[in-house]
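The values are calculated or read from the model by the stated rules, or taken from the named source; none is laboratory data. Every value quoted in this text rests on a predicted model; they were computed, and no experiment measured them. Using ideal geometry, Cβ is built from the backbone for each residue, glycine included, and neighbour counts are taken over all protein chains shown. The area values use the complete protein model at the heavy-atom level, side chains included, leaving out ligands, DNA and RNA. Shrake-Rupley method; radii C 1.70, N 1.55, O 1.52, S 1.80 Å.
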Amino acid sequence: MSKPLIVITGKNGQLGWELERLHTQYNNQFNFLFTGRNELDLNNIQSIPLFFQQYQPSFFINCAAYTAVDKAETEKETAYNSNASAVGELAKQCAAINCRFITISTDYVFDGTKNAPYETTDVTNPLNVYGASKREGELLAIQNNPSAIIIRTSWVYSSYGNNFVKTMLRLMKERESINVVNDQIGSPTYAKDLATAILNIIVRLSSEISHQSSNIYHYSNEGIISWYDFANEIQVLSGLSCKVNAIPSSQYPTPAKRPFYTAMSKAAIAKDFGIEIKNWKESLKECLAD
Ligand SMILES: NC(=O)c1ccc[n+]([C@@H]2O[C@H](COP(=O)([O-])OP(=O)(O)OC[C@H]3O[C@@H](n4cnc5c(N)ncnc54)[C@H](OP(=O)(O)O)[C@@H]3O)[C@@H](O)[C@H]2O)c1
C-alpha cells in the first residue's frame, strides 16, 4: 500500500523550510510534496481544485500566507485573497476528498486587552488588516471543513528567512545601541519546534489515537516576554557588545497597530495531542547554535 501524501505550502517560508528540513525523519510513514508560489499560487484560487484532483493528498499543511503585517494595511485585497479566500478554498477541497487540513493562524487575531494568556475560545478582535484577514481565514476554514485544524502561533523565527532574531543580530553587529519596544508582550516561536509539533500531530491523527475535540489550537514556546526581553537575550547569547534600550511602542510608530498582550494558553494542544512545549530561551539557544 502506498504511503499517505502530505502536501505543504509555503516551502520558501520559515515554517515550510523547517518542515522540509525535518521531513526525512518521517519518510518511512509518509510521502511529502512541498509547494511554493510556482506550484500552487494562493492568489490564483481557480487553480486550487485542479491541484487537488492531481495529487489527492491525505494531509494538507498550509504554511503559505501573506505575512507582511504593515504592508497589508495598503494591500488589503491581496492579504484577504491569500489569508482568507484561498484558505477557505483549500479547506473545502480537503473536505471533499477526506484530506486532513491544517492551517496556521496568528496571535494578531486578538486585540491584546487581556492580561492573562488567551484561551482558544476567547473572543477575537483583530486590530490590523493582517490579523483580520487571518481571522476570516479561520472562519472560512471551519465553515467549509468541520475537521479543519487551525494552529495560532506568534513571533515566529528560524535560522532561515526574515525574522526578529536575524534582524536583531544584523543591527547588533552594525550599531552600538538599539531601541526595542518593551510594552508588547507575547511568546516567541522557534519554527523548528512548531514544525515538529505539526508532524507529531499528523502522526497522532494517522494512528487514530488522538482525541481532537476542537478546531482551534495555540502553539508558541513557553514563556511570556516583551520584544525588549527577547532582544536582550539575543544580545547575551550572541555575545555582541551592542546596548539594548527599552522604549514604549509610542516611540516606534508602525502603519499597522499591534496588540499589547498576546500570550496564549497551549493547554489544548498539549492535552489533545500530547505536544511538549520547550522554553523560549532553550529554543533560542538552539536556533543561534544552528
Ligand atoms: N512570522 C511570524 O511571526 C508569524 C506570527 C504568527 C503567525 N504566523 C503564521 O505562520 C505561518 C507561517 O509563517 P512564516 O513565518 O513561515 O511566513 P513566511 O516566512 O513569511 O513565509 C510565508 C510563505 O508564504 C508564501 N506565500 C505568500 N503568498 C503566497 C501565495 N499567494 N501563494 C503561494 N505562496 C505564498 C511566501 O512565498 P514567497 O516566498 O514567494 O513570497 C512565503 O514563502 C503563516 O500562516 C503566518 O501567517 C507567522
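Which pairs have Cβ atoms under 6 Å, sit 6 or more apart or on different chains, and link a residue in segment 113-132 that is of a type in the set (D, E, K, R) to one that is part of a loop (DSSP other than H, G, I, E, B)? Going by the 6 Å Cβ cut-off, the qualifying pairs are Glu119/Ser265.
One residue is enough: does segment 83-95 have a residue meeting the conditions modelled with pLDDT of 95 or more, under 21 Å from Ala191 (Cβ atoms) and among the hydroxyl-bearing types (Ser, Thr, Tyr)? Checked against the condition, which is being modelled with pLDDT of 95 or more, under 21 Å from Ala191 (Cβ atoms) and among the hydroxyl-bearing types (Ser, Thr, Tyr), segment 83-95 yields no hits at all. Regarding segment 122-140, can at least one residue be identified that is among the basic types (Lys, Arg) and within 16 Å of the ligand (Cβ to nearest atom)? Looking through segment 122-140, at least one residue is among the basic types (Lys, Arg) and within 16 Å of the ligand (Cβ to nearest atom). Looking at segment 117-162 only, could you name the residues that are closer than 30 Å to Leu284 by Cα and β-branched (Val, Ile, Thr)? Selection gives Thr120, Thr121, Thr124, Val129, Ile149, Ile150, Ile151, Thr153, Val156. For segment 41-66, filtering for residues that are surrounded by 22 or more Cβ atoms within 10 Å (Cβ to Cβ) and either in a loop (DSSP other than H, G, I, E, B) or more than 8 Å from the ligand (Cβ to nearest atom) (or both) leaves 9. For segment 9-23, the set of residues classified as away from the ligand (no atom under 11 Å from the Cβ) and either in a strand (DSSP E or B) or touching a residue at least 40 places away in the same chain (Cβ under 8 Å) (or both) consists of Arg21, Leu22, His23, listed by residue number.
Restrict the check to segment 67-75 and report whether at least one residue is under 22 Å from Ile6 (Cβ atoms), touching a helix residue (DSSP H, G or I) at 6+ places or on another chain (Cβ under 6 Å), near the ligand (Cβ under 10 Å from one of its atoms) and in contact (Cβ under 8 Å) with a residue 40 or more places away in the chain. No - not one qualifying residue is present in segment 67-75. The residues of segment 80-114 that are assigned to a loop (DSSP other than H, G, I, E, B) and under 18 Å from Ser47 (Cα atoms), listed by number, are Ile97, Cys99. The set of residues from segment 263-288 being crowded, with 21+ Cβ neighbours inside 10 Å and of a type in the set (Gly, Ala, Ser) comprises Ala263, Ser283. Among the residues of segment 24-40, those identified as touching a residue at least 40 places away in the same chain (Cβ under 8 Å) and either near the ligand (Cβ under 8 Å from one of its atoms) or open to solvent by less than 40 Å² (accessible area, probe 1.4 Å) (or both) are Tyr26, Phe30.
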